[in-house]
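Trainee: Could you have a look at this structure, given as structure tokens, before my questions?
Computed from the coordinates by the stated procedures, all read-outs in this text should not be read as laboratory data. Predicted model only: the values in this text are computed from it and were never measured. Quick reminder, even Gly has a Cβ in these numbers, built from the backbone with ideal geometry, and neighbours come from all protein chains shown.
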Amino acid sequence: MATALVSLGAVAAGAFAIMAVKTSRRETSYLDGRARAKVPKRKRKRTKAAAGGIGRVGKGWVATPLGLVLAGYLARRGSGSAAIAIASASVLSYALSVSFDHVLPHRAPPPGRKSPTTPSFPSGHTMHLTTLASTAVYVATREGAVDWRLAAAPGLLAGPLAGVDRLFLDRHWLTDVAAGWLAGISLAAFSAAGYELSRDHRGARRR
């Protein structure tokens with residue numbers, strides 16, 4: 001299982017790198033422009049408020065503490081490996097988001113963003129929620145804390161939902177969101193792989 005997860009993480013990371021290069025060369029500008037043109041320009045206040053609520057959960061200073069709180073809860077329940085996986089995924093997601101702002105070439109956000117100098121690529125909201133939700137659902141189901149049939153949908157949809165919110169509010173380009181999702185999948189997969197290795201090691205010690 002760990003090998004498959006590492007492979008998934010590597011593929012997602014590779015796809016992210018390719019998208020980062022194409023974006024820096026402005027090869028995605030046409031696609032991003034077409035996608036933005038399809039988003040309704042007139043939006044109801046209630047709809048915008050709801051979308052803004054989703055966006056706030058995806059902020060690093062919200063998603064990261066949520067992950068740490070969940071990790072603490074699992075640690076108190078005796079699920080140390082699960083707690084470490086979620087905590088490390090949440091912290092790494094925040095750290096990567098900050099580093100991306102300084103390392104990756106600057107890309108101006110869409111006109112709907114209030115601060116045009118703020119880096120746009122990738123979408124941190126999408127990355128944070130994808131990382132947290134995917135990692136949490138995976139380890140929770142492996143620990144038997146939740147039924148995967150009930151948790152799979154929220155875990156898989158949280159990140160894309162945050163991405164749609166960013167597009168709807170004109171805060172990010174389509175490829176910003178896609179890159180954030182890929183980065184989140186990669187982080188979650190590597191964190192889950194670490195969890196599996198820890199679990200295997202723990203099981204071997206008990207034999």
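Trainee: Enumerate the pairs (first residue in segment 110-127 and closer than 10 Å to ASP170 by Cβ and touching a residue at least 24 places away in the same chain (Cβ under 8 Å); second residue anywhere and assigned to a loop (DSSP other than H, G, I, E, B) and of a type in the set (Phe, Trp, Tyr)) with beta-carbon separation below 8 Å, excluding pairs fewer than 6 apart on the same chain, so at least 6 apart or on different chains.
Mentor: Here the result reads PRO110/TRP173, each pair linking segment 110-127 to a residue that is assigned to a loop (DSSP other than H, G, I, E, B) and of a type in the set (Phe, Trp, Tyr).
Trainee: Could you list, in sequence order, all residues of segment 99-139 that are out of contact with any helix residue (DSSP H, G or I) (no Cβ under 7 Å at 6 or more places or on another chain), of a type in the set (A, V, I, L, M, F, W, C) and more than 19 Å from GLY33 (Cα to Cα)?
Mentor: PHE100, VAL103
Trainee: Let me ask something additional. Restricting to segment 129-154, name every residue that is surrounded by 20 or more Cβ atoms within 10 Å (Cβ to Cβ) and either touching a Cys at 6+ places or on another chain (Cβ under 8 Å) or free of Cβ contacts under 8 Å to residues at least 24 places away in the same chain (or both).
Mentor: If the condition is that a residue be surrounded by 20 or more Cβ atoms within 10 Å (Cβ to Cβ) and either touching a Cys at 6+ places or on another chain (Cβ under 8 Å) or free of Cβ contacts under 8 Å to residues at least 24 places away in the same chain (or both), then VAL137 is the only one that fits.
Trainee: In segment 74-109, which residues are outside any helix (DSSP H, G or I), closer than 28 Å to PHE168 by Cβ and either touching a residue at least 40 places away in the same chain (Cβ under 8 Å) or of a type in the set (Val, Ile, Thr) (or both)?
Mentor: Within segment 74-109, LEU104, PRO105, ARG107, PRO109 meet the criteria.
Trainee: If THR117 meets every condition in (1) part of a helix (DSSP H, G or I); (2) hydroxyl-bearing (Ser, Thr, Tyr); (3) over 15 Å from the mean Cα position of the chain (by Cα) apart from one, which number is that one?
Mentor: (1)
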